[in-house]
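Taking it in order: structure first as structure tokens, then the write-up.
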């Protein structure tokens, strides 16, 4: 497909505007965060058109935003942020995506590379054996309907109560690991069925677990508050709500297609189907979405628990002695009810983050006490061969992006292109030559997730930091990678 | 990477580039062939069809107010059955019916699809599993049917395009 040829006006070195007049129906401008270096790859596909399409959503406030890792999605672009008025606006399941509350958590250790290097291959092998992953993976946890309702209602707190982790983990999870307002009856029997044996599974595709090294510290004071120092080993876990979340999105796209007719909403792409936030359809979706989000938080909590157990076993110690504590957990596919100041006025908004991370600043009431003085950790995983980052939220994000920043590197190549360019076995050998241990259920998945398939996360973070919507705290590099 | 659909009918499918997901284009002499080919294209993303034996046949019925929704529901039904029942398919026979009269969006089951799908239960030691497909999406979906006076298919047949979230 030809690249995007639409109208783009430069605002400053890191922001570009798609003016409201570009396309009929746009209610606000589109704003893309990119510099001159990143822009050409963004214009190679139709992601900017999707930014313009999102600007047509009824009740959208401010602008239709795209983070620097923007790429072509379905309906919304991936890397998109859209805030709609809670009373006058719509909620769109496509603005959250199929993998509801796909997100990342980072676990600290008090280990150095020298401590883990001799055990690295054994460690990643044991994690791979102990944590279900890959296509069609079933979990070690099987819960029946009543218990599943508890998972959907209470999220990570359910997991902690069942012994998967400690109560203090919840304080370091976005929203405490549980969104309120869940009615399990709004989740279809089909979604229950798909979620039945997938709790505590990593999944496949771009989901991963990585053992990483803190390579560079940019902000020593914030890093100290986050408990990070150069040379320290950490573990990142990236997963979501599995089949349960996928089915909730599928179910509610059907509901929204009918609702869009009922409320006479005209949309440029069917995948943007939506309903007023304050309609029965909108409220039902938000309830089911919250249930799926809670499932995802319970899922990542279980995955972290087994990660801690496995590291302790391989190193012959305990999670406590190894300092295996949760730094933070963020959702990057979600819609949240939040208060923001828009043009000097406090408003209640429905903030859709589709491949974007919340980046709240110092002083925000939703942050754990430990991070109240710094702002929240913004966890940005990169590809398996380059870097990942830990950033911190800023006031500027609050002013410009409804407290949001990038969520990763952003894809550059389709899966089939990536497979043409790379062979999984060769990639594994190359990473291992560079001292990165790799375990994957399939070489094909490995090839599809090759570093070359992604933008360089260093470019994405450079723009994010320069634009001021999150600030660099630490850069990580992979020591060992597990792919589903 | 055009491939034969593998069914009794002779539709075909190919994948087109989409940055984050997989585009699927299915072609057939009529809509029934094209819907069967789309299912074959979806299933070939999930499990290598060369490893699937035709041991059992199941019936599937889906309804929808229009062909685009019917296509999405048909593919999502296959994803659901694959994920929850471990069924893998390699052959598809599709028949379509649509209610007479003018289109009325309030008739939610105006279009119906009846399918006979053949394959077997998933056997992880024998089947090569490829991708977890999350869903068929409505993004850029199109159903081109020459009977309705529109197609870009050079052979004058039916052409379906759908993006799958993988």
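Things to note:
- Given (1) in contact with a strand residue (DSSP E or B) (Cβ under 7 Å, 6 or more places away or on another chain); (2) crowded, with 16+ Cβ neighbours inside 10 Å, number of the condition residue B:16 does not satisfy: (2)
- Scanning the stretch A:196-212 for residues that are at positive phi and within 11 Å of another protein chain (Cβ to nearest Cβ) gives A:203, A:205.
- For residue A:162, the requirement of being more than 14 Å from every other protein chain (Cβ to nearest Cβ), surrounded by fewer than 19 Cβ atoms within 10 Å (Cβ to Cβ), free of Cβ contacts under 8 Å to residues at least 24 places away in the same chain and out of contact with any strand residue (DSSP E or B) (no Cβ under 8 Å at 6 or more places or on another chain) is met.
- Within the stretch A:44-53, the set of residues being modelled with pLDDT of 95 or more and either farther than 16 Å from residue A:80 by Cβ or in contact with a helix residue (DSSP H, G or I) (Cβ under 7 Å, 6 or more places away or on another chain) (or both) comprises A:48, A:52, A:53.
Let's see how each residue does on (1) within 20 Å of residue A:397 (Cα to Cα); (2) surrounded by fewer than 22 Cβ atoms within 10 Å (Cβ to Cβ):
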| residue | (1), (2) |
| --- | --- |
| A:8 | no, yes |
| A:12 | yes, yes |
| A:44 | no, yes |
| A:84 | yes, no |
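- Candidate set from the stretch A:359-377 (those that are in contact with a strand residue (DSSP E or B) (Cβ under 6 Å, 6 or more places away or on another chain) and outside any loop (DSSP other than H, G, I, E, B)); member that is nearest to residue A:63 (Cα to Cα): A:361
- Meets criteria (within 30 Å of residue A:141 (Cα to Cα) and surrounded by fewer than 16 Cβ atoms within 10 Å (Cβ to Cβ)) for residue A:321: yes
- Scope the stretch B:20-55; condition assigned to a strand (DSSP E or B) and within 13 Å of chain A (Cβ to nearest Cβ); matching residues: B:22, B:23, B:24, B:25, B:47
- Residues that are within 14 Å of another protein chain (Cβ to nearest Cβ) and either buried (at least 24 other Cβ atoms within 10 Å of the Cβ) or assigned to a helix (DSSP H, G or I) (or both), drawn from the stretch A:259-297: A:259, A:260, A:261, A:262, A:270, A:271, A:272, A:273, A:274, A:292, A:296
- Count - residues of the stretch A:443-480 that are in contact with a helix residue (DSSP H, G or I) (Cβ under 7 Å, 6 or more places away or on another chain) and in contact (Cβ under 8 Å) with a residue 24 or more places away in the chain: 17
- Scanning the stretch A:342-358 for residues that are part of a loop (DSSP other than H, G, I, E, B) and surrounded by fewer than 24 Cβ atoms within 10 Å (Cβ to Cβ) returns A:343, A:344.
- Identity of the residue in the stretch A:232-256, over 22 Å from residue A:200 (Cβ atoms) and surrounded by fewer than 24 Cβ atoms within 10 Å (Cβ to Cβ), that ends up farthest from the other protein chains (Cβ to nearest Cβ): A:232
- Scanning the stretch A:318-336 for residues that are over 16 Å from the mean Cα position of the chain (by Cα) and under 24 Å from residue A:474 (Cβ atoms) yields A:319, A:320, A:321, A:322, A:323, A:324, A:325, A:326.
- Residue among A:94, A:25, A:62 that is within 14 Å of chain B (Cβ to nearest Cβ) and within 24 Å of residue A:279 (Cα to Cα): A:94
- One residue stands out in the stretch A:400-419 among those that are more than 10 Å from every other protein chain (Cβ to nearest Cβ) and assigned to a helix (DSSP H, G or I): the one that is nearest to residue A:472 (Cα to Cα), namely A:400.
- When A:300, A:339, A:308 are screened for being over 20 Å from residue B:65 (Cβ atoms) and surrounded by fewer than 20 Cβ atoms within 10 Å (Cβ to Cβ), only A:339 passes.
- Test for residue A:396: is it touching a residue at least 24 places away in the same chain (Cβ under 8 Å), in contact with a strand residue (DSSP E or B) (Cβ under 9 Å, 6 or more places away or on another chain), part of a helix (DSSP H, G or I) and away from chain B (no Cβ under 14 Å): yes
- Test: residue in the stretch A:414-432 that is buried (at least 23 other Cβ atoms within 10 Å of the Cβ), closer than 26 Å to residue A:354 by Cβ, in contact (Cβ under 8 Å) with a residue 60 or more places away in the chain and more than 17 Å from the chain's Cα centre (by Cα): no
- Every test in (1) modelled with pLDDT of 95 or more; (2) assigned to a strand (DSSP E or B); (3) away from chain A (no Cβ under 14 Å) is passed by residue B:97 save one, and that test is (1).
- In the stretch B:130-153, of all residues being out of contact with any helix residue (DSSP H, G or I) (no Cβ under 7 Å at 6 or more places or on another chain) and over 18 Å from residue B:30 (Cα atoms), the one that is modelled with the lowest pLDDT corresponds to B:140.
The values are calculated or read from the model by the stated rules, or taken from the named source; none is laboratory data. None of the values given here were measured: they were computed from a predicted structure. Backbone-built Cβ (ideal geometry, glycine too); neighbour counts: all protein chains shown.
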